[in-house]
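Okay, structure first, notes after.
The values are calculated or read from the model by the stated rules, or taken from the named source; none is laboratory data. What you are looking at is a predicted structure, and each value in this text was computed from that prediction instead of being measured. With ideal geometry, Cβ positions are generated from the backbone for all residues, glycine too; neighbour counts draw on all protein chains shown. The protein model used for the area step is the full one, side chains on, heavy atoms only, and it has no ligands, DNA or RNA in it. Shrake-Rupley method; radii C 1.70, N 1.55, O 1.52, S 1.80 Å.
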Amino acid sequence: MLTKDTLSNGLYLQSLAALSNLAWSEERIQESLDATMAKRPGHGEIWLFAYGSLIWNPLLDFVRRELATLKGWHRSFCLKMVAGRGTPDVPGRMLALEPGGITDGVAFQLDGPEMERDLQCVWRREMVFGSYTPIWAPIHLEDHTSIDALVFVADPGYALYEADSSVSTIAYQVAVARGTHGTNAEYLRLLRKALYANGLSDNYVEALHLEVERHSVACLSPFAHL
């Protein structure tokens, strides 16, 4: 199970490194963190925009949590997943953001003595395979305040990036993939549940959920393999 302790003590990195030769080293992850912080706009607190598992399992000592909107980006299961909730033989799909559209999510304000540790944990979690490009982008809080936040978006140059993340293409893949951290379909259900719990929704997530459930039912049918 993913916890702050497994992120802090390196056990999470070790577990995924053993499953894939794509895993980044601790040194490379730290270099990415340092490079991103060097581009940080302003000083003081840092805001992190969450659009996936960070919403329901942030593992952060945040000082403030707000619903937020990110313009210019949309959710996309565009990253092939060969570890965690998939395998090299039966890969799943990992969530990211791609250009275009709007994404509603949650923003966390980080500050205080735990901020450095929190950022290191976030990087070990999100950049274990170098799947994303961390950027600074403006987000809008519910009171319409605009702030610059840290956002992890898809890297099209990533080895396992998939240009086609349409529902019809990936639904069966998500329905059947599983790994050491559970099933790909479970992740999708948790995402959908977390969005609803926060009064949010995403048409792409909804459409994918319906199609994945349809495939799951078909796979369980006693006539599925006749």
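Computed from the alpha carbon positions, the gyration tensor of region 109-226 leads to an equivalent ellipsoid with semi-axes of 32, 18, 15 Å, biggest first. What the phi angles of region 88-100 give under the Karplus curve with 6.51, -1.76 and 1.60, with θ = phi - 60°, is a coupling list of x, 6, 10, x, x, 10, 10, 6, 8, 10, 10, x, x Hz, glycine and proline written as x. When the helices of the chain are scored as -39500 (n - 2.57) per DSSP H run of n ≥ 4 and the total is divided over every residue, the value at 222 nm lands at -11000 deg cm²/dmol. Along its principal axes, the chain has C-alpha extents of 63, 40, 29 angstrom, given from the largest down. With all protein chains in place and a 1.4 Å probe, the accessible surface of the chain carries 54 percent carbon and sulfur. Model label sites at GLU98 and GLU26, defined 7 Å from Cα along the beta-carbon direction, differ in position by 3.6 nm.
Rg/Rh for region 24-103 stands at 1.00; both radii use Cα atoms, and Rh follows the Kirkwood definition. Just need the relative contact order of the chain here, percent rounded to a whole number, with Cα pairs under 8 Å and 6+ apart. The normalised contact order for the chain reaches 24 percent. Computed with a 1.4 Å probe over protein heavy atoms only, the accessible surface of region 131-226 comes to 54 Å² per residue.
Relative to the longest principal axis of the Cα atoms of the chain, the long axis of helix 167-176 lies at roughly 80 degrees. Computing FRET efficiency as 1/(1 + (r/R0)^6) for HIS43 and THR169, where r is the C-beta to C-beta distance and R0 is 45 Å, gives about 0.55.
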